[in-house]
Amino acid sequence: MEDIFTPQDNIDLFPQKVMIFKYPINLDLLTKQIYYIQSKFPNSIKHYPKELMYQTPPNLLNSSPVFSHLKDFILNIASKNFKSNYALTESWANICYTYSYSKFHDHGNSDLSGVFYLKVPPNSGKLEFYNRYDSPEVTSFETWETSLFLFNGKQPHSTTPNLSKSPKICIAFNLKKVE
């Protein structure tokens, strides 16, 4: 039996790790809840570029019991793989429409950051990590539905444009060590 808390991939980058996991639960209910939140908060639009990406209000994984299993899964993965306890500090969903992308950025306040993919149509963009010590060096990853990437919060990253006609949906989050 596969251990769901062991990374499917554990990649040393610049010299930080990127860990990739597979979430073992059906995604339909999570996706419906994100669209429901969008209907309740339609003006939470970010512009990466202008009006092509919808971002939910913060604190998504604490906003509904629908997300409690995913939240627990993330916290268990962090605890087991980084040998510390973590608290969720921020979480939000992005609905990435055609041509949307995320610019180069990091989550400097967090000890760990991550992104979980719910809907990934073909040709909807890659997740890219930049070498914080040698910025021209970039490593790109294909994403897939149920994939969860976990990385150092100071690790610069971006996404390439969604060239699909369908939206890509992901949940991003930040974690802090709890003493």
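The values are calculated or read from the model by the stated rules, or taken from the named source; none is laboratory data. Bear in mind that the values here come from a model prediction, so they are computed numbers and not experimental data. For neighbour counting, all protein chains shown are included, and Cβ atoms are generated from backbone atoms with ideal geometry for every residue, glycine included.
Out of curiosity, is S140 farther than 21 Å from L60 by Cβ, without any contact (Cβ under 8 Å) to a residue 24 or more places away in the chain, polar (S, T, N, Q) and surrounded by fewer than 19 Cβ atoms within 10 Å (Cβ to Cβ)?
Numbers: farther than 21 Å from L60 by Cβ: yes; without any contact (Cβ under 8 Å) to a residue 24 or more places away in the chain: yes; polar (S, T, N, Q): yes; surrounded by fewer than 19 Cβ atoms within 10 Å (Cβ to Cβ): yes.
So S140 fits the description; yes.
State whether one or more residues within the stretch 120-140 are over 29 Å from Y86 (Cα atoms), of a type in the set (A, V, I, L, M, F, W, C) and at pLDDT 95 or above. Scanning the stretch 120-140, I find no residue that is over 29 Å from Y86 (Cα atoms), of a type in the set (A, V, I, L, M, F, W, C) and at pLDDT 95 or above, so the answer is no. Number of residues in the stretch 72-86 that are of a type outside the set (D, E, K, R) and over 19 Å from Y23 (Cα atoms) equals 2. For L148, the stated conditions hold: it is touching a helix residue (DSSP H, G or I) at 6+ places or on another chain (Cβ under 9 Å), of a type outside the set (K, R) and surrounded by 17 or more Cβ atoms within 10 Å (Cβ to Cβ). In a residue-by-residue description of the stretch 122-132, the property of being within 15 Å of the chain's Cα centre (by Cα), more than 23 Å from L52 (Cα to Cα) and aliphatic (A, V, I, L, M) applies to no position.
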